[in-house]
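What follows draws every value from the coordinates through simple rules; no lab data is involved. Bear in mind the structure is a predicted one, so any value in this text is a computation, not a measurement. When we count neighbours, we look across all protein chains shown, and the Cβ atoms used for this are built from the backbone with ideal geometry, even at glycine.
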Amino acid sequence: MYAYIKGTLEEIMEDCVVVETGGIGYNVKVSTTTADLLPGIGSEVKIYTYTLVREDAFSLYGFLTRDDLEIFKKLITVSGIGPKGGLAILSVMSADALRFAVMAGDAKAIAKAPGIGAKTAERVILDLRDKISLEDTLRGIGAPAGKAGASADVQAADNVMKREAIEALVALGYSASDATAAVKKVELHEDITVEDILKQALKYMF
């Protein structure tokens, strides 16, 4: 219903915030991570929202980025994970960390969220594995100088190199989540090779 709310941050409570816009104060439920990243009271904020409408409730859930909102929407499609569970997971890990955990099958990382047991964490991995791709995780790695607006072919070639570097790191014994996180930190340039990416990524593994 609401794409986002932009207004003045009036209150920050344990599990929600109040944003005033147009003379109306909106209660928006947020994760502890989102609450920690918010500016001070009185600042202007823009919060992307998910609206939950039930017979006995009308609730808004808020996120600072569209990426967090989209991963939350995927989370709540998992059986046993409602909005409360989705926020709990995003309170202990970022959207990227969740993608890494799903790809790596790291149920222990997901189960660190309050109220999320081992079986539920495994269900998250099972249900989201086909909804989260390596390309989703690698998306957002900054293009190097001179490659802004790079063609789809160039971006696809970059992703192939990143995938090969990740596969090489996994073959060396690193977890898929650690390997992906390291490769994501590598800044690409026009003449970079898979070997270059691998060497630079290894520096982030220690």
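For region 96-123, backbone nitrogen atoms closer than 16 Å to the point 7 Å from R129 Cα along Cα-to-C-beta are found at 99-110, 119-123.
Ordering 8-17, 176-185, 196-205, 63-72 by mean Cβ neighbour count within 10 Å, with the highest value first, yields 176-185, 63-72, 196-205, 8-17. In this structure, K199 and T65 have a Cβ-Cβ separation that, at R0 = 41 Å, corresponds to a calculated FRET efficiency of about 0.85. Report the local net charge at L60: Lys and Arg +1, Asp and Glu -1, summed over other residues whose C-beta lies under 15 Å from its C-beta. Neighbourhood net charge equals +1. A Cβ-based charge dipole, computed about the Cα centre of region 4-63 with Lys and Arg at +1 and Asp and Glu at -1, lands at about 260 debye.
Cα gyration tensor of region 26-95, axes a ≥ b ≥ c as square roots of the eigenvalues: rounded (a/c below 1.5), prolate (a/b > b/c) or oblate? Verdict is oblate for region 26-95. Estimated purely from DSSP H runs of n ≥ 4, each contributing -39500 (n - 2.57), the mean residue ellipticity at 222 nm for the chain is -13500 deg cm²/dmol once divided by its residues. With the simple spin-label model, which puts each label point 7 Å out from Cα in the Cβ direction, the I192 to N27 separation comes to 4.6 nm. Think of each Lys and Arg Cβ as +1 and each Asp and Glu Cβ as -1; about the Cα centre, that makes the dipole of the chain roughly 400 debye. Please work out which option in (1) 8, 30, 29, 23, 9, 1; (2) 9, 36, 32, 17, 6, 1; (3) 8, 25, 28, 21, 13, 5, 0 gives P(r) over Cα pairs in 10 Å bins from 0, in percent calculated from these coordinates, and answer with its label. Step by step, P(r) over Cα pairs in 10 Å bins from 0, in percent for this structure corresponds to label (1). Think of the chain as having a plus end and a minus end, set by charges on the Cβ of Lys, Arg, Asp and Glu; of L169, S79, Y61, S79 sits farthest toward the positive end of this dipole. Of the cross-linked pairs K112/K203; K84/K185; K108/K131, those separated by over 22 Å at the C-alpha level are K112/K203; K84/K185.
Annotation: peptides 118-129, 39-50, ranked by per-residue average of other Cβ atoms within 10 Å with the highest first, follow the order 118-129, 39-50. Mark the label point 7 Å from the Cα of K6 along Cα→Cβ and return the residues of region 28-71 whose backbone N is within less than 14 Å of it. Within reach of a label on K6: 44-49.
Stretched out straight at 0.36 nm per residue, the stretch from T77 to E164 would grow longer than its current Cα-Cα span by 28.2 nm. Fully extending the segment from V18 to R54, taken as 0.36 nm per residue of separation minus the present Cα-Cα distance, adds 10.9 nm.
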